[in-house]
Amino acid sequence: MQSTASQLPGPKECRRLRRTQSLTQNQVAATLGVSIDEVRDWEAGLTTPRGRKGRAYARLLHEWAAHETTRGNGRDWATTRPLTPHQAFDGLYEYCVPALVRQTYLLTGRPGLARESVERAFQLAWQRWPEVAVDRDPPSWVRAAAHDWALSPWHRFRPRHRRPDAPADPAAQALLKALLTLPPIHRRTLVLHDGAGLGLPETAAETEASTPATAARLQRARETLSGLVPDQAAPEVLPDRLAELATSVRLRAARPPAVRAVGEHRARRRIQTAVVFTAAVVGATALTLHVAADHYERPVPEGTAILDLPPRVALGPLSAQQQRLRLLLKKQAHRGPARLVPQAR
């Protein structure tokens, strides 16, 4: 019979499998009934579990590996049997949401915004499902969309997302405050590498940067955290502290049918808006063509005689009554107290 040690994967693989399940070392220790120091030593390769502990740990690791094989990893998340679009979308959603909503919480510090970012990303994925379904790495596509929405600078103008929701633990509060002081790109790099467990090349590809630039960002982010929370920023401790911070608050997302329904509603509303706008533009264009001049009139050059003007109207002859009134006024020009006679001076 093989020993328990030969049945266990390497320390790095043990640590990776635990992180794929979004579990902390404290949670694994509580499940196995051992101390956290023992779990830390197992994942560091300092010791190997024996006897009952070793069998229980090996069984737990095999369950995680079977779950990863069934649900898929980053490049093979769907089962091999044919799936309808709804089933494939639901499988991707169930696989990605538990870890993705925690990552977006680390990026924003706001549970509501974390949930909204994940749901928005999957709504966009459902609207573009023919493109997402054939992508080489659908989880990375959705993760990039969720991170972009979570780090959008426009959220600062929304009153309900201005202040982060701090956890109850003082150490977690300090770590969250330190994370939020990092520039968004440094925070995203740190969460992808130390929180999600991606390598430097994968992190560089997802942040659209070169590998040396990503390594420099990661180094500066760790240095900043070391200055703010030195007891939690060590490279061997930081991933577990990030996992504990992400699980310190209650994070839930909507069910896949609700996300699909909202995505379809948004798509229909966007199409209706586009139709109304197009109809308004066409109507305005038609009205302009109807009232606009249909021929060109050249301007009149300067100095050109203007023709076809009506003749000037002259005064006609006075009537008999008007002539008598004029004669009367001439005869009485200097008579009467109401008349003003100019005097030469």
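The values are calculated or read from the model by the stated rules, or taken from the named source; none is laboratory data. These numbers were taken from a predicted model, which means no experiment stands behind them. No Cβ is skipped: glycine too gets one built from the backbone with ideal geometry, and neighbour counts run over all protein chains shown. All accessible areas refer to the heavy atoms of the entire protein, side chains included, with ligands and DNA or RNA removed. Shrake-Rupley method; radii C 1.70, N 1.55, O 1.52, S 1.80 Å.
Report the GluC sites (Glu not before Pro) located in the stretch 142-215 that are in a DSSP loop and have at most 11 other Cβ atoms inside 10 Å of their Cβ, or state none.
Qualifying residues, ordered by number: 208.
Rg over Rh of the stretch 190-345, using C-alpha atoms and the Kirkwood radius, what does it come to?
1.68
Note down the relative contact order for the chain as a percent, whole number, built from C-alpha pairs under 8 angstrom at least six residues apart.
Contact order relative to length: 16 percent.
Return the lysines within reach of residue 12: Cα separation strictly under 28 angstrom, same-chain partners fewer than 8 residues apart disregarded; answer none if there are no such residues.
Residue 12 reaches 53.
Determine the gain in length on full extension of the stretch residue 168-residue 277; use 0.36 nm per residue of separation and subtract their C-alpha separation, reporting nm with one decimal.
That works out to 34.3 nm of additional length.
State the volume of the convex hull built on the alpha-carbon positions of the chain, expressed per residue in Å³ and rounded to an integer.
For the chain, the hull spanned by Cα atoms encloses 435 Å³ per residue.
Kindly report, to the nearest 10 Å², the accessible surface of residue 53 as traced by a 1.4 Å probe over protein heavy atoms only.
Spelled out: residue 53, probe radius 1.4 Å, area about 70 Å².
If each Cα of the stretch 240-320 is one equal point scatterer, what is log10 of I(q)/I(0) from the Debye formula at q = 0.19, 0.24 Å⁻¹?
Log10 of I(q)/I(0), two decimals: -1.02, -1.14.
Where does helix 320-331 land angle-wise versus the long Cα axis of the chain, in degrees 0 to 90, nearest 10?
So the inclination is approximately 80 degrees.
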